[in-house]
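The values are calculated or read from the model by the stated rules, or taken from the named source; none is laboratory data. The model shown is predicted, which means the values in this text are computed figures rather than measured ones. Using ideal geometry, Cβ is built from the backbone for each residue, glycine included, and neighbour counts are taken over all protein chains shown. Quick note on the areas: whole protein, heavy atoms, side chains included, nothing else; ligands and nucleic acids left out. Shrake-Rupley method; radii C 1.70, N 1.55, O 1.52, S 1.80 Å.
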Amino acid sequence: MLYKTGIQTLKRGVNLLITIVGCGALGSLFAARMLESGVDVQALQRPGAHYEVLKEKGLTLLELEGEEKSFSFPVYDDIDSCAPSDLVIILVKAFQTPHVAPKLLPLLKEDGAILTLQNGLGNVEVLKEHVPLKKLFAGSVTYGAYRVAPGVVKAAGEGKIKFGPLDKMVSPEPVMDFLKQSGLNVELVDDPMRVLWEKVAINAMINPVVALARCNNGKILEVREALELCRVLFDEALEAARCEGITLDEESLWSFAMEVLEKTAANRPSMLQDLESGRRTENEAISGYILKAAEKKGVELPATKVVYSLMKLAEHAAIKDYVV
Ligand SMILES: NC(=O)C1=CN([C@@H]2O[C@H](COP(=O)(O)OP(=O)(O)OC[C@H]3O[C@@H](n4cnc5c(N)ncnc54)[C@H](OP(=O)(O)O)[C@@H]3O)[C@@H](O)[C@H]2O)C=CC1
Ligand SMILES: CC(C)(CO)C(=O)C(=O)O
């Protein structure tokens, strides 16, 4: 018999509540889609300019086609003010996970669930230290959003959430139904860790290369040497995945990576946006994690090591008080 999360209360017509932990670009886009679908949302957000605007004036979402929408929902900077929720979605950057993970359990109703949709690897390991496995779900996202000003988020493309429970004995249906009801495109997967590795392989071959070159994703397709470098980084990421016992489908994933480059040709990747805004990047959770996974098995990944080190240098140069 599969363990059910508390989200089955959905079927009893009780109002369900989602908490978004880290209501930045993606968290705000999701909050907007949920509110449009009539689902209750609250955000746990750290204090700062974005928090102030969300709290005082609400969220402004600029749709891809130019429409401007306003949303108002409860935004808190402390756990004690939050109501216990049925589903908590983690959308802080990976390096913030150790700060939020110990606070999560009180945010949940007794049988609620937690879903991480963050990029990078290592988040699940941290969450597992603080949350029972049966409550944990993980996945990746192809939606896009970025912040244009505090409280103002631009939608950069609809996409899909691929997710699944980390404990195979847990029924994913209630969370799946809830996310669908929340206006999001969702697909269930058997092995969420594979999905996280697929996403990290794509991030590892695009993000640091484009961030270091300070260009748009599409430029990679115009420079043969850049594409060759991406291929080496991609192959190294797949090698690291094998070191963790995960064999990714090289051919179909490479085709998907090319599709991502074409579809996001005009985009500046998140890592570049972070560098340009003087913010920390997810370098550690992407290239850094890949290097560590391989290192544990005595495998060296020379190209990944070079771009990882250059990204550290770029962060050191761009970020005040960066700890090397
Ligand atoms: N944006 C996108 O298109 C996509 C993003 N992702 C992934 O989703 C995750 C979130 O990305 P994104 O939304 O772009 O990032 P953002 O930086 O825009 O959002 C993260 C938010 O978390 C807040 N925050 C930071 N620390 C804490 C904390 N301790 N407690 C509460 N809130 C906190 C930040 O506050 P503050 O505003 O003060 O900085 C910020 O608003 C990342 O892992 C990213 O890689 C995946 C696919 C697409
Ligand atoms: C897929 C990609 C590389 C698109 O830019 C991305 O996820 C990012 O910018 O972080």
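Measuring max minus min along each principal axis, the C-alpha atoms of the chain give extents of 56, 46, 36 Å (largest first). Modelled this way, with points 7 Å down the Cα-to-C-beta line, the labels at K180 and A266 are 3.3 nm from one another.
The ratio of the alpha-carbon radius of gyration of segment 6-190 to the globular-protein estimate 2.2 N^0.38 Å is 0.95.
Beta bridges assigned by DSSP with both partners in segment 6-190 are antiparallel in approximately 35 percent of cases. Beta bridges assigned by DSSP with both partners in the chain are antiparallel in approximately 35 percent of cases. Accessible surface for segment 195-314, divided over its residues, is 46 Å² per residue with a 1.4 Å probe.
For GluC sites (Glu not before Pro), the sites in segment 98-201 that DSSP calls loop and that have at most 14 other Cβ atoms within 10 Å are E129, E158. Only loop residues by DSSP count here, and only those with at most 14 other Cβ atoms within 10 Å; note down the trypsin sites (Lys or Arg not before Pro) in segment 11-90 that meet that. Hits after loop and neighbour filter: K57. Apolar share of the accessible surface for segment 6-190: 50 percent from carbon plus sulfur atoms, 1.4 Å probe. Mind checking which aspartates and glutamates have their Cα closer than 18 Å to the Cα of K263? Skip sequence neighbours fewer than 8 apart in that chain. Result set, ordered by chain and number: E63, E65, E158, E198, E222.
Computed over the chain with a Gaussian network model linking Cα atoms closer than 10 Å, the most mobile of L64, L29, L108 is L64. If you take the charge dipole of segment 61-107 about its Cα centre, with +1 on Lys and Arg Cβ and -1 on Asp and Glu Cβ, which of L64, I90, L104 is farthest toward its positive end? Comparing the listed Cα positions along the dipole, L104 ranks first. Summarising the amide proton neighbourhood of A145: residues at separation of 5 or more, or on other chains, whose placed amide H is nearer than 5 Å comprise A156. Mean residue ellipticity, 222 nm, helices only, the chain: the sum of -39500 (n - 2.57) across DSSP H runs of n ≥ 4, divided by residue count and rounded to 500, is -12000 deg cm²/dmol. Residues whose amide H lies under 5 Å from that of V189, counting only those 5 or more places away or on a different chain, are F163, G164; hydrogens are built 1.01 Å from N in the peptide plane.
Taken one residue at a time, the phi angles of segment 19-34 give Karplus couplings (6.51, -1.76, 1.60, θ = phi - 60°) of 10, 9, 9, x, 8, x, 5, 5, x, 5, 4, 5, 4, 4, 4, 5 Hz. Gly and Pro are set to x. Legend: translational diffusion of segment 169-291 by Stokes-Einstein, Rh = Kirkwood radius over C-alpha pairs, 25 °C, 0.890 mPa s; D = 156 µm²/s.
Among the listed pairs K57/K180; K69/K103; K296/K320; K69/K180; K55/K128, a Cα-Cα separation exceeding 25 Å is found for K57/K180; K69/K103; K296/K320; K55/K128.
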